[in-house]
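One structure is given below, encoded as structure tokens.
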Amino acid sequence: MLVLGTRPEAIKLAPVARAMASDLRFEPVVVATGQHREMLHQMLGLLGVDVRTALDVMRERQQLSELTARLVGELGGVIRAQRPDTVVVQGDTTTALAGALAAFYERIPVAHVEAGLRTGVMDNPFPEELNRCLIGRMARWHFTPTPRAAGHLTREGIPAEGVFTTGNTVVDNLLWVLAEGAGTSAFRSCAKRILVTLHRRENQGHRMRGMGRSLCRLAGRGDVEIVLPLHRSPAVRDALLCEVDGREGFTLVDPLDYVDFVATLAECDLVLTDSGGIQEEAPTLSKPVLVLRTTTERPEAVEAGAARLVGTDPETIVSAAGRLLDDPAEYRRMAGAGNPFGDGRAAARILARLAEDVTAEPAAGLTASGPYSTA
Ligand code: UD1
Ligand code: UDP
């Protein structure tokens, strides 16, 4: 059973769902919780994911405790009724935490995709760092994107026999979408193109308004177009729209579907974001990323030179973006740094391991290769 509820979970579990659907050893049962309503359902058909059970847990501006309680209750009922062999969760959302907990209560083993990411600061990002730590305590299989993530888990006392480095499924999906054909970019002009996304809870409020003001200063250069797909969270829209709405240089759009988002990313010059997934996708497409957060659980991109952790101070954001727009040598260094997150075969590695452990099928070709636990 694959449990997903938000946009990034759909994107990152889609390669696993597709691979299972075309593999006779598995019967994938996809449960969509609807933690995101529009942003989830705009993805699933497009990504080739067939939903077996759809829940409808989203309520406008609902509190985390209310969302968590609703998810654990409803997922508990679904898991109890269907008794899957394994429950697969992805990442660090409330859906992932609740899916793991409900499965644990039903004594169904949990597989965690994108395991082992850590900032080391329990409330940043909030509440995701706690969510992923808790899922780590409950899971039997920990599929980590990188060796660093695997190291976090073994240092926390998780037995190494349950930890497998597979790469991140986000790369599988990005390559799949690129191979399927082009979407439509949201950029309209030939100016320097900046793609911006912001949504993190710990930045909402005055900090996000400050970021909005820094974007206005960048737009004020007169030589840039800023495409800003606005997250549907009302808290994000409240903070950003009061700063940027109606300003020259902005193209404000609703959340783009994944194919169009990838086309937009492929056309941009520079990315400013607090997103997790976009920190992984941008280096895969050779786009420099400025991470507008104080911590990152993806330091691999920073160490590779593909991303810079800029923080949330408006002055620093304006000067870091200006430097990249105006210094071609610095730009080339970042754009050429490469992608440390995967090779597009993460889902195949996950299936190989689950096939051996859950379906007792011999796992042909399960040998270690490069940074990965299995070839
Ligand atoms: C959630 C995840 C975060 C992930 C992000 C991806 C948690 C705690 N947070 O963020 O880890 O990075 O999703 O985008 O799980 N809304 C809609 N329609 C939608 C989606 C959201 O109206 O399609 C509105 C609702 O009012 C909802 C609010 O946005 O209550 C916030 O949604 P929520 O899932 O709580 O988002 P975040 O916690 O910000
Ligand atoms: N994304 C998208 N359309 C958009 C913005 C983002 O398809 O308008 C995709 C993006 O490619 C990435 C994922 O959504 O794969 C990231 O989601 P988000 O930033 O909401 O969550 P996070 O990755 O931070 O958990």
Wholly within the stretch 1-103, helices (runs of 4 or more DSSP H) carrying at least 1 residues that are out of contact with any Phe, Trp or Tyr (no Cβ under 6 Å at 6 or more places or on another chain), closer than 23 Å to residue 256 by Cα and within 9 Å of ligand 1 (Cβ to nearest atom): 7-21, 38-44
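Name the residue, out of 244, 236, that is surrounded by 19 or more Cβ atoms within 10 Å (Cβ to Cβ), closer than 18 Å to residue 205 by Cα and within 13 Å of ligand 1 (Cβ to nearest atom).
Values: 244 fails: within 13 Å of ligand 1 (Cβ to nearest atom).
Sole residue among the options that is surrounded by 19 or more Cβ atoms within 10 Å (Cβ to Cβ), closer than 18 Å to residue 205 by Cα and within 13 Å of ligand 1 (Cβ to nearest atom): 236.
Does residue 272 meet the test of being within 12 Å of ligand 2 (Cβ to nearest atom), in contact (Cβ under 8 Å) with a residue 12 or more places away in the chain, under 16 Å from the mean Cα position of the chain (by Cα) and within 25 Å of residue 331 (Cα to Cα)? Step through it out loud before you land on a result.
Details: within 12 Å of ligand 2 (Cβ to nearest atom): no; in contact (Cβ under 8 Å) with a residue 12 or more places away in the chain: yes; under 16 Å from the mean Cα position of the chain (by Cα): yes; within 25 Å of residue 331 (Cα to Cα): yes.
So residue 272 does not fit the description; no.
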Selection count where residues are within 12 Å of ligand 2 (Cβ to nearest atom) and in contact with a Cys (Cβ under 8 Å, 6 or more places away or on another chain), scope the stretch 241-269: 0
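Among 88, 113, 121, 171, which is the only one that is β-branched (Val, Ile, Thr) and over 25 Å from residue 352 (Cα atoms)?
Details: 88 fails: over 25 Å from residue 352 (Cα atoms); 113 fails: over 25 Å from residue 352 (Cα atoms); 171 fails: over 25 Å from residue 352 (Cα atoms).
121 is the lone residue from the list that is β-branched (Val, Ile, Thr) and over 25 Å from residue 352 (Cα atoms).
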Any chance residue 154 is surrounded by 23 or more Cβ atoms within 10 Å (Cβ to Cβ), more than 29 Å from residue 321 (Cα to Cα) and either under 21 Å from the mean Cα position of the chain (by Cα) or hydroxyl-bearing (Ser, Thr, Tyr) (or both): no
The lone exception for residue 221 - which of (1) closer than 23 Å to residue 262 by Cα; (2) away from ligand 1 (no atom under 16 Å from the Cβ); (3) part of a loop (DSSP other than H, G, I, E, B) it fails: (1)
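Scan the stretch 78-87 for residues that are out of contact with any Gly (no Cβ under 9 Å at 6 or more places or on another chain) and surrounded by 12 or more Cβ atoms within 10 Å (Cβ to Cβ) and jot them down. Write out each step before concluding.
Of all residues in the stretch 78-87, those out of contact with any Gly (no Cβ under 9 Å at 6 or more places or on another chain) come to 78, 80-86.
Matches in the stretch 78-87: 78, 80, 82, 84, 85, 86.
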Hits in the stretch 180-218 - residues which are part of a loop (DSSP other than H, G, I, E, B), surrounded by 18 or more Cβ atoms within 10 Å (Cβ to Cβ) and away from ligand 1 (no atom under 16 Å from the Cβ): 183, 185, 186, 187
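Each value in this text was obtained by applying a stated rule to the coordinates, not by laboratory testing. Every value quoted in this text rests on a predicted model; they were computed, and no experiment measured them. Cβ atoms come from the backbone with ideal geometry, glycine included; neighbour counts cover every protein chain shown.
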